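**Q** Mind looking over this structure? Questions follow.
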Amino acid sequence: MSKKISLFLVVCLMAFIFSFTTANLNAKVQVGEVIKENFASPHPYMGKGLVMEQEFHWPGAGYIAIHFSEFDLAKGDVVEISSPDGNVKYKYKEKGKEVKNSKKKGKKMLSEFWATHIPGDTAIVKLYSKNKKGGWGFNIDKWAHGYEKGYIESVMSVMAEETISRAEAICSSDDKDWAKCHLGTDMYDKSKAVARLLINGSSACTGWLLGSEGHLMTNNHCIGNQTDASNTDYEFMAEGSSCTTSCSSWFACPGTVEASSGTLVKTSSTLDYSLVLLPTNLTSTYGYMQLRNSLPILDERIYIPQHPGGKGKMLAVESDTDGPYCKIYSTNEAPCMGGPGDIGYYADTEGGSSGSPVLGYSDNLVVALHHCANCPNRGVPIPAIVTDLGSSLPANAIGDGDPPDPPDPADFNEMLDNTALTFTTGGSADWAEDTSNSYYGGDSAVSGTITDSQNTYVQAVVNYSTTKAVKFYWQVSSEANYDYLRFYVDGVLKDEIAGTVSWEQKSFTLSAGSHTLKWSYEKDGSVSSGSDKGWVDKVEIVDDGGGTVGALAEAVDAESLTFSTTGDGVWGLDNSTYYNDGDSAKSPVITDDQSASFSTTISGYTSVKFYWKVSSESGYDYLKFYVDGVLQNQISGTQDWTQASYTVSSSSHTLKWTYDKDYSVSSGSDCGWVDKLELGTASADPMAQALDVSGLSFSLTGDQDWYVTTATSYYGGSSVRVPDALGHSQDSIMETTVSGVTSVKFFWKVSSESNYDYLEFYIDGTLQDRISGTVDWAQKTYSVTTGSHTLKWRYTKDGSVSSGSDTGWVDKLEIQ
């Protein structure tokens with residue numbers, strides 16, 4: 001099988017993404033494309049041994065699945081479907097796929113069925129016969145391939161730029177993490193019973209073992225009938241080998257397919273659940289989950305193990321919307337379908353998470369069946385499902401557990417001697433009160449008891465209109481250099497201590513605005529020393545004597561912008577050193593291993609210019625400039641005022657300047673300055689508009705000029721193309737210059753005399769790639785340094801012959 005550019009696939013993806021922009025998101029996610037192609041054995045097949053072999057291949061695919069429309073082999077003969085290395089293989093015989101009979105005891109054979117999928121981009125189908133007579137054989141009417149990661153991300157990117165929301169239910173930032181990051185916790189152990197479901201070869205959901213008899217629970221909109229249940233792969237432990245292993249592409253990190261069929265026991269479209277009995281009881285291997293037959297309480301902590309988008313297993317444990325951890329938001333949300341009212345929560349999910357269990361953190365019992373998303377995301381209340389299941393409820397499906405008492409954050413006000421803040425605790429264990437060890441007031445907050453590779457934290461959110469400073473005392477008794485008590489501001493590590501450290505005070509500047517303060521005790525993978533704990537006491541928020549944030553706009557001559565400052569000090573106004581208008585922005589006094597930043601957000605501009613200056617330890621202490629968190633340039637040593645200039649797209653961007661010191665030595669004035677920030681817009685170039693890029697101007701040279709066309713495009717309804725009447729031994733060139741970017745992406749296609757007439761791409765005069773013949777739209781990506789670069793596209797013809805349309809096209813240029 002050769003790869004095709006499928007318009008059908010793009011249409012399906014657009015429909016898929018659009019379906020998730022509706023108010024109620026409740027659909028299994030499509031993770032693969034079904035290819036309708038017919039392959040058949042001879043009818044009848046003859047011969048002994050290997051009678052037939054057929055390879056199914058799609059470059060970069062996550063999996064391959066085969067569908068048989070007819071299947072009838074002689075006794076003893078088999079069809080084997082395997083990976084190329086033979087490590088994964090499945091065999092089918094006689095009438096096809098053996099499944100449990102859903103209406104009576106025993107088994108039956110399906111002659112029309114989806115075979116178990118093969119991980120990777122290639123599957124090999126072989127027919128073996130034990131005698132020369134053979135049998136009737138089989139027909140394959142379609143097959144499916146999992147979407148390749150790069151292709152799906154490309155389509156998603158296009159959809160996002162067309163203001164169509166991505167197909168997900170992420171509430172603010174995505175706080176989910178890989179299952180292995182919770183190894184050693186009850187949450188991880190319970191998640192072993194969660195399965196990734198591949199339904200009818202191309203759709204994905206999540207399911208989980210319920211009760212001790214080998215049943216699996218998922219949504220009705222995932223498995224709605226016996227045909228779905230009989231054509232689903234039930235895959236367990238599809239997760240990475242460690243917390244840092246990425247399983248982010250669809251059907252990445254293969255697990256074990258324990259069953260490729262199941263018996264539908266009971267289903268309800270109103271309550272959106274389906275109960276399936278698997279052919280083998282797997283509970284001795286993976287354990288099982290139990291239900292809590294009562295509604296959860298408001299603010300009760302929860303977690304959700306899931307396979308979002310058919311990716312590797314993830315857990316939603318924390319939430320940046322109403323966190324710090326996931327919790328019950330409501331118990332009477334508008335139901336996605338039917339009724340009763342749904343359970344609401346801001347735990348992050350995605351398409352493919354449908355059917356996931358929502359578990360109470362206090363007792364690890366299932367309190368809701370996740371089935372739709374709208375932030376708050378929603379699940380079906382368990383008591384309604386229990387009632388509807390009635391006598392079909394599996395053995396040991398109900399657990400002993402009551403909703404926990406609501407947490408009392410007021411206790412931390414006393415421990416930490418601050419009644420103005422609201423503190424919360426989380427991680428693998430909660431922080432607690434210690435009356436035997438304190439710096440002030442007779443008590444302190446002590447970290448929870450955890451084991452290797454776990455963490456426990458206490459945190460608070462603050463919001464002030466002026467610059468403040470946070471002060472506190474802390475101490476630790478731990479394994480030196482390995483197990484740390486750490487302090488974070490907005491997720492950025494500010495300081496850490498390990499070993500034996502007695503009470504000491506720390507102080508950090510907070511810019512105006514909202515900030516999350518977090519104290520976290522974190523253990524590595526082995527060994528415990530000392531008390532294996534950290535303590536915090538006497539948290540104070542006081543006025544800070546640093547520079548004023550409001551003065552920064554005046555200092556850099558950009559008074560229409562709003563600036564914020566973060567780090568170990570506050571940038572301020574300096575009226576003794578400047579490039580323009582009597583003042584500049586100057587970095588604060590900081591010490592070794594510290595940094596201080598100021599930043600602003602812009603939108604609608606395509607050029608950024610400013611002057612900067614530094615006096616520091618050359619090669620070690622730097623003044624740095626970032627766009628959207630990506631370093632553009634840095635200066636150190638003794639450098640007088642110089643102008644820096646960068647091109648950006650007209651969308652929103654964050655500009656940040658940081659003075660950053662290494663671990664030792666100070667030189668010069670040990671600071672940096674910024675002045676005269678100028679933002680501008682470029683006039684609209686028709687070529688730039690056709691290429692869907694802002695802020696660039698294009699020059700056209702050669703024998704004829706490129707031009708804009710609406711007849712052929714990859715994106716946005718227009719593209720640029722090579723002139724129609726270019727003669728033999730002629731060329732046509734389009735060029736532009738970019739600065740301050742690190743990557744260049746574009747789509748191109750060509751229709752020309754193969755191997756003679758070329759569409760070429762150059763960076764700074766060096767040929768990067770060229771295409772000829774018939775090549776449909778394909779994306780190219782290149783990394784560049786942050787300096788100035790010339791990009792050139794050239795169509796060149798040799799001395800004779802023209803083929804195809806004798807032209808080339810370029811579209812959707814992206815610079816980042």
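The values are calculated or read from the model by the stated rules, or taken from the named source; none is laboratory data. Keep in mind it's a predicted model, so treat the numbers as computed, not measured. All Cβ positions, even for glycine, are placed from backbone atoms using ideal geometry, and neighbour counts span all protein chains on display. Heavy atoms of the whole protein, side chains included, go into the accessibility calculation; ligands, DNA and RNA do not. Shrake-Rupley method; radii C 1.70, N 1.55, O 1.52, S 1.80 Å.
**Q** Take the residues in the stretch 615-665 that are of a type in the set (A, V, I, L, M) and part of a loop (DSSP other than H, G, I, E, B), then tell me which one is surrounded by the most Cβ atoms within 10 Å (Cβ to Cβ).
**A** Kept after step one, since they are of a type in the set (A, V, I, L, M), are these residues of the stretch 615-665: 623, 627, 630-631, 635, 644, 648, 655, 665.
So of that shortlist, the ones also part of a loop (DSSP other than H, G, I, E, B) come out as 648, 665.
Working: Val648: 24, Val665: 12.
Checking each candidate, the answer is Val648.
**Q** Another one. If you check Lys494 against the conditions, is it modelled with pLDDT under 90 and not acidic (Asp, Glu)?
**A** Answer is yes for this residue.
**Q** Filter the stretch 701-713 for residues that are in a strand (DSSP E or B) and either open to solvent by 50 Å² or more (accessible area, probe 1.4 Å) or of a type outside the set (S, T, N, Q) (or both); which is nearest to Asn580 (Cα to Cα)? Outline the logic, then answer.
**A** Narrowing the stretch 701-713 to residues in a strand (DSSP E or B): 701-702, 707-709.
Okay, now just the ones that are also either open to solvent by 50 Å² or more (accessible area, probe 1.4 Å) or of a type outside the set (S, T, N, Q) (or both), so 701-702, 707-708.
On the way: Thr701: 40, Gly702: 44, Tyr707: 43, Val708: 43 Å.
Per the criteria, the residue is Thr701.
**Q** Right, next: Restricting attention to the stretch 780-811, which residues are surrounded by 16 or more Cβ atoms within 10 Å (Cβ to Cβ), in a strand (DSSP E or B) and either of a type in the set (Ser, Thr, Tyr) or touching a Phe, Trp or Tyr at 6+ places or on another chain (Cβ under 6 Å) (or both)?
**A** Answer for the stretch 780-811, where residues must be surrounded by 16 or more Cβ atoms within 10 Å (Cβ to Cβ), in a strand (DSSP E or B) and either of a type in the set (Ser, Thr, Tyr) or touching a Phe, Trp or Tyr at 6+ places or on another chain (Cβ under 6 Å) (or both): Lys792, Trp793, Tyr795, Thr796, Thr807, Gly808, Val810, Asp811.
**Q** Looking at the stretch 368-400, which of its residues are assigned to a helix (DSSP H, G or I) and within 30 Å of Thr321 (Cβ to Cβ)?
**A** Hits for the stretch 368-400 are Ile382, Pro383, Ala384, Ile385, Val386.
**Q** Here is a further query. Restricting the search to the stretch 461-482, which residues are crowded, with 19+ Cβ neighbours inside 10 Å and touching a residue at least 60 places away in the same chain (Cβ under 8 Å)?
**A** Taking the stretch 461-482 and keeping what is crowded, with 19+ Cβ neighbours inside 10 Å, we get 467-468, 470, 472-478.
Of everything in the stretch 461-482, those that are crowded, with 19+ Cβ neighbours inside 10 Å and touching a residue at least 60 places away in the same chain (Cβ under 8 Å) turn out to be Thr467, Lys468, Val470, Phe472, Tyr473, Trp474, Gln475.
**Q** Return the residues of the stretch 714-726 that are under 26 Å from Asp798 (Cα atoms), open to solvent by 20 Å² or more (accessible area, probe 1.4 Å) and in a loop (DSSP other than H, G, I, E, B); say none if nothing qualifies.
**A** Asp724, Ala725
**Q** Go through the stretch 741-758 and report how many residues are surrounded by fewer than 22 Cβ atoms within 10 Å (Cβ to Cβ) and either in contact with a Cys (Cβ under 7 Å, 6 or more places away or on another chain) or assigned to a loop (DSSP other than H, G, I, E, B) (or both).
**A** Count: 5.
Okay, residues lined up against (1) more than 30 Å from the chain's Cα centre (by Cα); (2) over 19 Å from Gly695 (Cα atoms):
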{"site": "Ser713", "(1), (2)": "no, yes"}
{"site": "Ile733", "(1), (2)": "yes, yes"}
{"site": "Tyr756", "(1), (2)": "yes, yes"}
{"site": "Ile763", "(1), (2)": "yes, no"}
{"site": "Gly799", "(1), (2)": "yes, yes"}
{"site": "Ser805", "(1), (2)": "yes, yes"}
{"site": "Trp809", "(1), (2)": "yes, yes"}
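**Q** Name the strands (runs of 3 or more DSSP E) wholly within the stretch 221-290 that hold at least 3 residues that are at pLDDT 95 or above and open to solvent by less than 20 Å² (accessible area, probe 1.4 Å)?
**A** Because the criterion is at least 3 residues that are at pLDDT 95 or above and open to solvent by less than 20 Å² (accessible area, probe 1.4 Å), the strands (runs of 3 or more DSSP E) in the stretch 221-290 that meet it are 232-236, 273-277.
**Q** Could I ask something else about it? How many residues are in a loop (DSSP other than H, G, I, E, B), charged (D, E, K, R) and in contact (Cβ under 8 Å) with a residue 60 or more places away in the chain when one looks only at the stretch 85-141? Give the steps one after another, and end with the answer.
**A** The first filter runs over the stretch 85-141 and keeps only residues in a loop (DSSP other than H, G, I, E, B), leaving 85-88, 94-95, 101-106, 111-112, 115-117, 120-121, 130-136.
Of the ones still in play, those that are also charged (D, E, K, R) are 85, 94-95, 103-105, 112, 121, 130, 132-133.
Retained after the next criterion (residues that are in contact (Cβ under 8 Å) with a residue 60 or more places away in the chain): 121, 130, 132-133.
Going through the stretch 85-141 one residue at a time, the tally reaches 4.
**Q** Sticking with this one: When both residues are 6+ apart or on different chains and their Cβ atoms are under 6 Å apart, which pairs have a first residue that lies in the stretch 347-372 and is under 19 Å from Phe236 (Cβ atoms) and touching a residue at least 40 places away in the same chain (Cβ under 8 Å), and a second that is charged (D, E, K, R) and open to solvent by 10 Å² or more (accessible area, probe 1.4 Å)?
**A** Ser354/Lys28; Asn364/Asp186; Asn364/Lys190
**Q** Do you know which residues across the stretch 425-448 are open to solvent by 60 Å² or more (accessible area, probe 1.4 Å) and closer than 22 Å to Cys326 by Cβ? Give the steps one after another, and end with the answer.
**A** Step one: of the stretch 425-448, the residues open to solvent by 60 Å² or more (accessible area, probe 1.4 Å) are 430, 433, 435-436, 439-441.
The answer is Asp430, and nothing else.
**Q** Filter the stretch 402-418 down to the residues that are part of a loop (DSSP other than H, G, I, E, B) and at pLDDT below 65, then identify the one that is surrounded by the most Cβ atoms within 10 Å (Cβ to Cβ).
**A** Pro407
**Q** Then there is this: Quickly run through the stretch 125-139 and pick out the residues that are touching a Ser or Thr at 6+ places or on another chain (Cβ under 7 Å) and open to solvent by less than 20 Å² (accessible area, probe 1.4 Å). Steps first, answer last, please.
**A** Pass one, the stretch 125-139, residues touching a Ser or Thr at 6+ places or on another chain (Cβ under 7 Å): 127, 137-139.
Of everything in the stretch 125-139, those that are touching a Ser or Thr at 6+ places or on another chain (Cβ under 7 Å) and open to solvent by less than 20 Å² (accessible area, probe 1.4 Å) turn out to be Leu127, Gly137, Phe138.
**Q** So which residues in the stretch 559-577 are open to solvent by 60 Å² or more (accessible area, probe 1.4 Å) and aliphatic (A, V, I, L, M)? It would help to see each step written out before you state the result.
**A** Going residue by residue through the stretch 559-577, those that are open to solvent by 60 Å² or more (accessible area, probe 1.4 Å) are 559-560, 562, 566, 573, 575-576.
Listed by number, the list holds a single entry, Leu573.
**Q** Taking the condition more than 30 Å from Ile602 (Cα to Cα) and in contact (Cβ under 8 Å) with a residue 24 or more places away in the chain, does Val501 pass? I'd like the intermediate steps shown before the answer.
**A** Numbers: more than 30 Å from Ile602 (Cα to Cα): yes; in contact (Cβ under 8 Å) with a residue 24 or more places away in the chain: yes.
When the stated conditions are applied, Val501 passes them.
**Q** Please determine, by comparing only the residues of the stretch 502-530 that are part of a strand (DSSP E or B), of a type in the set (Ser, Thr, Tyr) and open to solvent by 60 Å² or more (accessible area, probe 1.4 Å), which one is nearest to Asp483 (Cα to Cα).
**A** Ser502
**Q** Same structure, new question: Look at the stretch 679-700 and say how many of its residues are open to solvent by 60 Å² or more (accessible area, probe 1.4 Å) and of a type in the set (Val, Ile, Thr).
**A** 1
**Q** Checking Gly207 against (1) at pLDDT 95 or above; (2) not in a strand (DSSP E or B), which test does it fail?
**A** The number of the failed condition is (2).
**Q** A further question on this structure: For residues that are within 16 Å of Leu421 (Cα to Cα) and either modelled with pLDDT of 90 or more or touching a Leu at 6+ places or on another chain (Cβ under 6 Å) (or both), tally how many sit in the stretch 471-488.
**A** Total satisfying the criteria: 1.
**Q** Search the stretch 58-84 for residues being among the small types (Gly, Ala, Ser) and outside any strand (DSSP E or B), and hand back the single one that is farthest from Gly262 (Cα to Cα).
**A** Per the criteria, the residue is Gly60.
**Q** Shifting gears a bit: For the stretch 301-348, give me each residue that is of a type in the set (Ser, Thr, Tyr) and either in contact with a Ser or Thr (Cβ under 7 Å, 6 or more places away or on another chain) or open to solvent by 10 Å² or more (accessible area, probe 1.4 Å) (or both). Lay out the reasoning, then the answer.
**A** So the first thing to find is which residues in the stretch 301-348 are of a type in the set (Ser, Thr, Tyr), and the list is 303, 319, 321, 325, 329-331, 345-346.
Listed by number, the residues that qualify are Thr321, Tyr325, Tyr329, Ser330, Thr331, Tyr346.
**Q** Then there is this: May I ask you to verify whether Leu298 is in a loop (DSSP other than H, G, I, E, B) and either open to solvent by less than 10 Å² (accessible area, probe 1.4 Å) or under 19 Å from Asp430 (Cβ atoms) (or both)?
**A** Yes; evaluated as a whole, the condition is true for this residue.
**Q** With respect to Ser669, determine if the residue is exposed (fewer than 14 other Cβ atoms within 10 Å of the Cβ) and not β-branched (Val, Ile, Thr). Can you show your working first?
**A** Working: exposed (fewer than 14 other Cβ atoms within 10 Å of the Cβ): no; not β-branched (Val, Ile, Thr): yes.
Criteria not met by Ser669.
**Q** The conditions are (1) closer than 18 Å to Asp483 by Cα; (2) modelled with pLDDT of 90 or more, and Ser444 fails exactly one of them. Which is it?
**A** (1)
**Q** Looking at the structure I just gave you, is Asn396 open to solvent by 50 Å² or more (accessible area, probe 1.4 Å), at positive phi and touching a Gly at 6+ places or on another chain (Cβ under 7 Å)?
**A** Considered against the rule, which asks whether it is open to solvent by 50 Å² or more (accessible area, probe 1.4 Å), at positive phi and touching a Gly at 6+ places or on another chain (Cβ under 7 Å), Asn396 comes out as yes.
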